[in-house]
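Attaching a single structure in structure tokens format; questions to follow.
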Amino acid sequence: MKIKTLIACFILACAASSCIQDEALNSEAAIDACTGDDVQLANINADSKVIYVYVNKGADLSKQKLEFVVPEGASIKINDQAAGDTESTYDFSEKPHSRKFTVTSEDGQWKPVYTVNVVLAELPTSFSFEELLSSNDYDIFYEFHTLQEISKVLQWSSGNPGFKLTGMANSKTDYPTVQVANGFRGKGVKLETRDTGSFGAMVKMYIAAGNLFIGIFEVGNALTDPRKATNFGFQFYKRPKMLKGYYKFKAGDVYSVEGKPQDGVRDKCDIYAVMYEAENNSVMLNGDDVFTSDKLVSLARIKPEDVVESDQWINFEIPFEPVKGRVIDDTKLQNGKYKLGIVLSSSVDGAYFKGAVGSTLYVDEVELICED
């Protein structure tokens, strides 16, 4: 009996092995995304096979750490040196600061060649929320301005990737952060505090505030340490004086803490900007320390008592105030040792899962006023 059983298992194993071997290899060959320590935006033209990677203007082009995402089983090479789909360091120092990469499909039949151009760029000072990157799941905002051959580039981040984990979104408009057609001027951004459903209740993250910020959202921390998933700021070379723009806000009906309704509490939105010292590009303040870090130099934040609920657009002008008497050092500023972040949220304490489902904040035409 045991022998018969062993023979049967052997036959099944062989059959399974045969099925695996007969499975067709992937024929896809493309560069789907590009990220890196200095990358603010990567524009990929799938038709022309040309990629423009915009990095902060203080970046070392001779040591660019880039991570390319390619289809399953595909490989990528530069000058016959395997790069893989993991992070590698490349030299883009020679003009015109471009290199050619060949992507080979898993089945070896397709080998498109991409031209990757690295462009030094600065953080813009005006934000209109008119442009979106291509995405199948949720809206990703970016800003692009060119002034006197200087690129001003930003790809906004949001908590949308974390909300995707809840399974509560059936379309793009179900996410907390979306683009709307009726902004103050042209299009704008809508931030809405959403219910995270049974999944959120299971992990004790009962709501998801709509948010948009300058920085990076690390989806890997979204469930284990959500406030550290939001990393704020990119290098900035000017002295900010004021944050201004337009907003509309309406609080949700039921304010809750840890999923429990609280009587007599009204939700508030949050709009703020921070300027902080960063001795190197790896330093980033996050949702835990953005207001308490000793690196924080200057803060512009709307006061809760100044938040107005209205269906009409309201102008806000928030001055930057020094934090604990700290000042911006001119030499450090010129050397790119400061970062600036702007944060918009539909619930002021949404990072602590306190707020009201349905609280909605619209924002448009945001501008940083800086010293000359």
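So how many residues does the range 326-338 have that are open to solvent by less than 10 Å² (accessible area, probe 1.4 Å) and at pLDDT 95 or above? Can you show your working first?
Of the residues in the range 326-338, the ones open to solvent by less than 10 Å² (accessible area, probe 1.4 Å) are 336, 338.
Now narrow it down to the ones that are at pLDDT 95 or above: 338.
Residues flagged as open to solvent by less than 10 Å² (accessible area, probe 1.4 Å) and at pLDDT 95 or above within the range 326-338 amount to 1.
Let's see how each residue does on (1) within 30 Å of residue 357 (Cα to Cα); (2) touching a Cys at 6+ places or on another chain (Cβ under 7 Å):
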{"site": "105", "(1), (2)": "no, no"}
{"site": "125", "(1), (2)": "no, yes"}
{"site": "168", "(1), (2)": "yes, no"}
{"site": "178", "(1), (2)": "yes, no"}
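Looking at (1) closer than 25 Å to residue 341 by Cα; (2) in contact with a His (Cβ under 9 Å, 6 or more places away or on another chain), which is the one condition that is false for residue 130?
(2)
Counting only residues that are modelled with pLDDT under 95 and open to solvent by 50 Å² or more (accessible area, probe 1.4 Å), which one in the range 226-255 is nearest to residue 193 (Cα to Cα)?
Selected residue: 227.
Sticking with this one: For the range 227-286, which strands (runs of 3 or more DSSP E) that fit wholly inside it have 1 or more residues that are under 22 Å from the mean Cα position of the chain (by Cα)?
Details: elements: 230-232, 240-250, 255-257, 270-277.
In the range 227-286, the matching strands (runs of 3 or more DSSP E) lie at 230-232, 240-250, 270-277.
Here is a further query. Hey, among the residues in the range 137-152 that are in contact with a Ser or Thr (Cβ under 9 Å, 6 or more places away or on another chain) and more than 27 Å from residue 201 (Cα to Cα), which one's most open to solvent (accessible area, probe 1.4 Å)?
Of the residues in the range 137-152, the ones in contact with a Ser or Thr (Cβ under 9 Å, 6 or more places away or on another chain) are 138-141, 143-145, 152.
Subset that is more than 27 Å from residue 201 (Cα to Cα): 141, 143-145, 152.
Working: 141: 2, 143: 4, 144: 76, 145: 60, 152: 31 Å².
Per the stated criteria, the residue is 144.
Filtering the range 159-186 down to residues that are open to solvent by 20 Å² or more (accessible area, probe 1.4 Å) and in contact with a Lys or Arg (Cβ under 8 Å, 6 or more places away or on another chain), which residue is nearest to residue 257 (Cα to Cα)?
Across the range 159-186, the extreme among qualifying residues is 168.
Related question: Note down all Cβ pairs under 9 Å where the first residue falls in the range 151-166 and is among the basic types (Lys, Arg), the second is part of a strand (DSSP E or B) and at pLDDT 95 or above, and they're at least six residues apart or on different chains.
Qualifying pairs under 9 Å: 152/126.
Being of a type in the set (Asp, Glu), in a loop (DSSP other than H, G, I, E, B) and under 22 Å from residue 244 (Cα atoms) is the filter here, so list the residues in the range 308-357 that pass it.
Pass one, the range 308-357, residues of a type in the set (Asp, Glu): 309, 311, 317, 321, 329-330, 349.
Remaining after also requiring in a loop (DSSP other than H, G, I, E, B): 309, 329, 349.
Listed by number, the residues that qualify are 309, 349.
Show the residue pairs that are 6+ apart or on different chains and have beta-carbon atoms under 9 Å apart, the first residue being within the range 292-311 and polar (S, T, N, Q), the second being open to solvent by 70 Å² or more (accessible area, probe 1.4 Å).
From residues that are polar (S, T, N, Q), the pairs are 298/321; 298/322; 298/327; 310/250.
Quick one: in the range 187-225, which of the residues that are outside any loop (DSSP other than H, G, I, E, B) and closer than 21 Å to residue 276 by Cβ is most open to solvent (accessible area, probe 1.4 Å)? Don't jump to the end; show me each part of the working.
At the first step, the residues of the range 187-225 found to be outside any loop (DSSP other than H, G, I, E, B) are 188-192, 194-195, 197-202, 207-208, 211-213, 215-217, 219-221.
Narrowing further to those that are closer than 21 Å to residue 276 by Cβ: 211-213, 215-217, 221.
Numbers: 211: 31, 212: 3, 213: 1, 215: 3, 216: 66, 217: 42, 221: 46 Å².
Here the answer is 216.
Given the range 1-96, what strands (runs of 3 or more DSSP E) lie entirely inside it while holding 1 or more residues that are open to solvent by less than 70 Å² (accessible area, probe 1.4 Å), more than 26 Å from residue 119 (Cα to Cα) and modelled with pLDDT of 80 or more?
Of the strands (runs of 3 or more DSSP E) lying wholly inside the range 1-96, none has at least 1 residues that are open to solvent by less than 70 Å² (accessible area, probe 1.4 Å), more than 26 Å from residue 119 (Cα to Cα) and modelled with pLDDT of 80 or more.
The values are calculated or read from the model by the stated rules, or taken from the named source; none is laboratory data. On a predicted model such as this, the values are computed, not experimentally measured, just so you know. Cβ atoms come from the backbone with ideal geometry, glycine included; neighbour counts cover every protein chain shown. Surface accessibility is based on the protein's heavy atoms, side chains included, excluding ligands, DNA and RNA. Shrake-Rupley method; radii C 1.70, N 1.55, O 1.52, S 1.80 Å.
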